[in-house]
1. Going through A:Gly227, A:Gly212, A:Gly231 one at a time, which residue ends up being under 22 Å from A:Val64 (Cα atoms) and either of a type outside the set (Phe, Trp, Tyr) or under 30 Å from the mean Cα position of the chain (by Cα) (or both)?
2. Given (1) farther than 26 Å from A:Thr677 by Cα; (2) open to solvent by less than 10 Å² (accessible area, probe 1.4 Å); (3) within 12 Å of another protein chain (Cβ to nearest Cβ), where does B:Asp20 come up short, assuming only one miss?
3. Regarding the range A:59-73, can at least one residue be identified that is under 29 Å from A:Met475 (Cβ atoms) and either more than 11 Å from chain B (Cβ to nearest Cβ) or under 28 Å from the mean Cα position of the chain (by Cα) (or both)?
4. Residues being open to solvent by 20 Å² or more (accessible area, probe 1.4 Å) and either within 11 Å of chain A (Cβ to nearest Cβ) or closer than 23 Å to B:Ser2 by Cβ (or both): count how many of those fall in the range B:53-70.
5. Which of the residues that make up the range A:696-742 are open to solvent by 10 Å² or more (accessible area, probe 1.4 Å) and assigned to a helix (DSSP H, G or I)?
6. Within the range B:129-157, which residues are away from ligand 2 (no atom under 15 Å from the Cβ) and touching a helix residue (DSSP H, G or I) at 6+ places or on another chain (Cβ under 8 Å)?
7. Could you look through the range B:24-52, keep only residues that are in a loop (DSSP other than H, G, I, E, B) and more than 8 Å from every other protein chain (Cβ to nearest Cβ), and pick out the one that is farthest from ligand 1 (Cβ to nearest atom)?
Amino acid sequence: MSVKAPLPHDTAGLHVAGSARYIDDIPVPANCLHLAFGLSNEARGVITGADLSAVRAAPGVITVLKATDLPHENDVSAAAHDEPLLAQGEVFYHGQPIFLVVATSHLAARKAARLANITISKRPAIITIDEALSANSRFEGEALVWNNGDAETALNTAPRNVEGSIEIGGQEHFYLESQAALAQPQENGDMLINSSTQHPTEIQHKVAEALGKPMHSVRVESRRMGGGFGGKESQGNALAVACAVAASQTGQPCKMRYDRDDDMVITGKRHDFRINYRAGFTKDGKILGVEFVHYARCGWAADLSLPVADRAMLHADNAYYVPAMRIESHRLKTNTTSATAYRGFGGPQGMLGMERVMDHIAHELKLDPAELRQRNFYASQKDTGPKQRTHYNQKVTDFELHEMLERLTDTAQYAARKKAVSDWNANNDILKKGLAFSPLKFGISFTLSHLNQAGALVHIYQDGSVHLNHGGTEMGQGLNQKIAQVAASEFGLPMERIRITATDTAKVPNTSATAASSGSDLNGMAVKNACNKLKKRIIRILSNHWETTQSDVIFTDGMVQIGHHSMSFDAAARLAYESRVSLSATGFYRTPKLSWDRLKGRGRPFYYFAYGAAITEVVIDTLTGENRILRTDILHDAGTSLNPALDIGQVEGAYVQGAGWLTMEELVWDTSGRLQTHAPSTYKIPTCADRPDVFNVALWPGENRENTIYRSKAVGEPPFMLGISAFLALSDAIAACGEIYPALDAPATPERILKAVNRVRLG
Amino acid sequence: MSNIHVTTTVNGDSVEFLCDPRETLLDVLRDRLTLTGAKEGCGTGDCGACSVMLDGRLVSSCLVLGAEAEGKTIETVEGMANGEELHPLQRKIIEHAALQCGVCTPGILVAAKALLEKNPDPSESEIRFWLAGNLCRCTGYDKIIRAIQDAAAEMRGAA
Ligand code: FES
Ligand code: FES
């Protein structure tokens, strides 16, 4: 069967030949125009003058558009209608697009965009979390508070307490292909958009609004993205809308791609957080109650910040049963880029808050941190007692981490290495080592329940070859390969008989973003649903043909067998065609069992949980703060993996990205709100030399208890949070320098590590 | 500024083009010669996605001017396979599932080929440090290194 086979990415052959096409590689007509935005160089102010004559006069410039030149809606927001394509009167962040240059080349457009003479009367900009708090600048009017049990009493009566605070930095997606879109006018005023997007339907919607047309006039195609990670869920809207408006005005194809610097300055990033915590526990380290205050810096527009901040709250327990919890979540509005979706969608920040609490308690009680964690885990799924509930009242019925922890600590020789690390630290003053375990439990489903739906379109041609489309987008995760494996397994066909083409709003309408790790869960089921409809039709035809009853049907090895009769799939397709039976079907799926009240924080937002565990060993240089990851061992739960090669690839890539977030990737805004780290020269993502020296990754041989596609589990986001173990290991190494708790902030750059070392040394 | 005429060799074929004197080799390859295998990841020499060989030297084509290619030989990812037959590095990248979004892949292939030409038996550290200029945001690099080691072993065996 094709599912469960470790096949490489479906277009790997094109990639190694350099012939896989991204937006900027699509051949365009010679009259194609190129676009660039002119950007605000103030973080906040009122536009008092905009002299664009030099821009218009620049070589190659065809036209220049301002907000007032836009024919219809001036909005590219995901939902809140608060994000103009071009600034209207006021600017709200440094880098906000103010005007749009349409020129004959990419370079001509970019150069011209720098020639504007824009005068902005400055207003006081709100940049930091503290500034936002003192100005009471926020979304949703007030903080969202969830209470489960009486945390205050639990804390006041607990034998022991810890309290503290952690700063958690944001993160640039750094998809290697920057944002890009291409618009080509069609007959009848229709528009064809090629977009590097995780959300073709939203692009279609926003373009239709901007052109003042119904959605049926706009077709969006997304063949592949050069990386997405959440950064192409809403951030591609501006480019697609700009291209569409310019194309409709000029009647010529228009293309826009952000140069890397522009991309980093304009687009949203992961939310930075501050989390304050107070926890009460017994002297054996059993947690009795926790209070969290989350401060999320959301930037200038709402974008996806509310669901992101919600998901941070939803993961405040991580893997631990907390009898009483109170979480207060502040969504702060600042004059910085609008923070957006990024792999984990707030989950990583919420989880790190809880892991900090665990780490702090272990230090306080001088208990082994892995042991302490296990004491607080939810009960195992094998436990026969009543199921424990999360702080939002969802039963945890599939908990795997006890068994995973035991397996991982064994294969990674945790106890022996913990001892070796402490021996090393006792004998070495300059280089200190740290070793840490971190678990994860991640809820799978969109928390906006209606998004948990998907569609598919499957055709069987009369020669028996299969062509399909689904609503998911390919950003490198190998979704199309997994989906093709599902179809191949359903029809019993070899993989080369299945072809998946670009995601296309004309094929499958009203899709949700490929996000929340849901791509294969939702679309796999929708495709299976369509395949089943077609199989039923073929079975009916063959049963009539052989005059047999319909039991014992097998689709395998390119054959269809009913009882003792059999026929090739291709011949069966031909027969169905000649019998005038439709060989095309749509499929649909909606996730069952969900119900969620976000204001109360009660219900079942998640269909199931995915689990994972990591152990990371690091070494730090206490004189410079420099550090390395020496070894990482990971055990990750992908249910019954649809494709172990792709899933392990996701785990490895996610871990390195997660570790990068918490160690080396630092976003720095200066006091005027200018992003100082807007290029790879100053913003450092992990390189080949930063990957762990020893990197052991295995999948946990479990299966999903819920009825997901072949009992697999979503794998896109969860392993990102395994990177937390690297951060905890650094903290462990710093703790070896003295007695006090290091209280390390993220990202743990060499500078921060050095400061923490000095703090701990001074006691 | 008037365009200049450049004669060069790309993947074994002699090629002529006109370009703006300020145009990068990367833009010339992509926009004038329709060789879009080399990608622009940064445009500032920091990501390696635009890697090509220029007279046998590994360069970031975003930092080279098209005009500098005059009289030189250029090799890009498009020239790596021998007709239908993939280079062992290409084959091993596929076999090891060592790519996800694939934008870094062409640059990594060109860079790895350059490494193996200088050093057919690189240690793991040598590979890691050689490739430190080729960013990959997706894979975490592990499978890439293994694929290169495997290809190197196969190429040594065949030699
Ligand atoms: S595009 Fe040339 S190094 Fe990044
Ligand atoms: S595979 Fe996406 S950047 Fe390497």
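The values are calculated or read from the model by the stated rules, or taken from the named source; none is laboratory data. Note that the structure is a prediction, hence the values are computed from the model and not measured. Note that each Cβ is placed from the backbone with ideal geometry, even for glycine, and that neighbours are counted across all protein chains shown. Note: accessible area is taken over every heavy atom of the protein model, side chains too, but ligands, DNA and RNA are not part of it. Shrake-Rupley method; radii C 1.70, N 1.55, O 1.52, S 1.80 Å.
1. A:Gly212
2. Failing condition for B:Asp20: (2).
3. Checking the range A:59-73: at least one residue is under 29 Å from A:Met475 (Cβ atoms) and either more than 11 Å from chain B (Cβ to nearest Cβ) or under 28 Å from the mean Cα position of the chain (by Cα) (or both).
4. Result for the range B:53-70: 4.
5. Residues satisfying the conditions are A:Tyr710, A:Arg711, A:Asp732, A:Ala735.
6. First pass over the range B:129-157, keeping only residues away from ligand 2 (no atom under 15 Å from the Cβ): B:129-130, B:149-157.
Matches in the range B:129-157: B:Phe129, B:Trp130, B:Gln149, B:Asp150, B:Ala151, B:Ala152, B:Glu154, B:Met155.
7. Step one: filter the range B:24-52 for residues in a loop (DSSP other than H, G, I, E, B), giving B:33-50.
Now narrow it down to the ones that are more than 8 Å from every other protein chain (Cβ to nearest Cβ): B:33, B:45, B:48, B:50.
Details: B:Leu33: 17, B:Gly45: 5, B:Gly48: 5, B:Cys50: 3 Å.
Of everything passing the filter in the range B:24-52, B:Leu33 is farthest from ligand 1 (Cβ to nearest atom).
Rundown of residues vs (1) within 10 Å of chain A (Cβ to nearest Cβ); (2) within 16 Å of ligand 1 (Cβ to nearest atom); (3) at pLDDT 95 or above, yes/no style:
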{"position": "B:Lys72", "(1), (2), (3)": "no, no, yes"}
{"position": "B:Gly79", "(1), (2), (3)": "yes, no, yes"}
{"position": "B:Ala114", "(1), (2), (3)": "no, yes, yes"}
{"position": "B:Asn134", "(1), (2), (3)": "yes, yes, yes"}
{"position": "B:Arg137", "(1), (2), (3)": "yes, yes, yes"}
{"position": "B:Gln149", "(1), (2), (3)": "no, no, yes"}
{"position": "B:Ala158", "(1), (2), (3)": "no, no, no"}
